[in-house]
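The values are calculated or read from the model by the stated rules, or taken from the named source; none is laboratory data. Nothing here was measured: the structure is a model prediction, and the numbers come from that model. So basically every Cβ, Gly included, is an ideal-geometry build from the backbone, and we count neighbours across all protein chains shown.
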Amino acid sequence: IYTLSLHDALPISCRGGLTVMLMPALAEWIAPVSPVTMGVTAVMVMSIPTTAIVHSDTSVLVQRAAHRLIGCLLGALVGLACLAFVGDDFLLWVALIPPGIWLCSQIQNGTTGISYIGTQAMFAYLMSMVQGQGPPQTISPGFERLVGVMGGLSILFVITISTILPHRLLRYHQ
């Protein structure tokens, strides 16, 4: 079992704490319609294994952030396109959910080094497609969720980048 030292746990804890602290203040400004989606996104992204963060260098963290952003954008945009195509046809809506999940899982389980894009795309695809017990009447709820996801990712990205440098400087001077 891997345990984190205080030196390794401090930046991770600060990222989570800063994100939770800033979320209510920035929610109305960034994503006024879907602040809950913004919070859920930040919590889900922060729940990645801490060993993936501790044993990484700055370029890997930036790459993960880029993969997260690309995956969320792709998944949400494909989900919104499906919703625009589906209209109010329940059977077509149900039929389009599994292929999107399958495609995202293929990306996630691939060997190309972009598996995290597949993970994030699946999350965003499902968040866009499934908003209730049937297809939504308009794509605006899916779009609002996309704005919330991007808002949550943006806050977390800024906080992650701003906490990496001090953490790296602390490691360098020890």
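Identification of helices (runs of 4 or more DSSP H) wholly contained in region 6-123 with 3 or more residues that are among the hydrophobic types (A, V, I, L, M, F, W, C), at pLDDT 85 or above and crowded, with 17+ Cβ neighbours inside 10 Å yields 58-86, 90-108. Being surrounded by 15 or more Cβ atoms within 10 Å (Cβ to Cβ), free of Cβ contacts under 8 Å to residues at least 24 places away in the same chain and over 16 Å from the mean Cα position of the chain (by Cα) is a property that holds for Q131.
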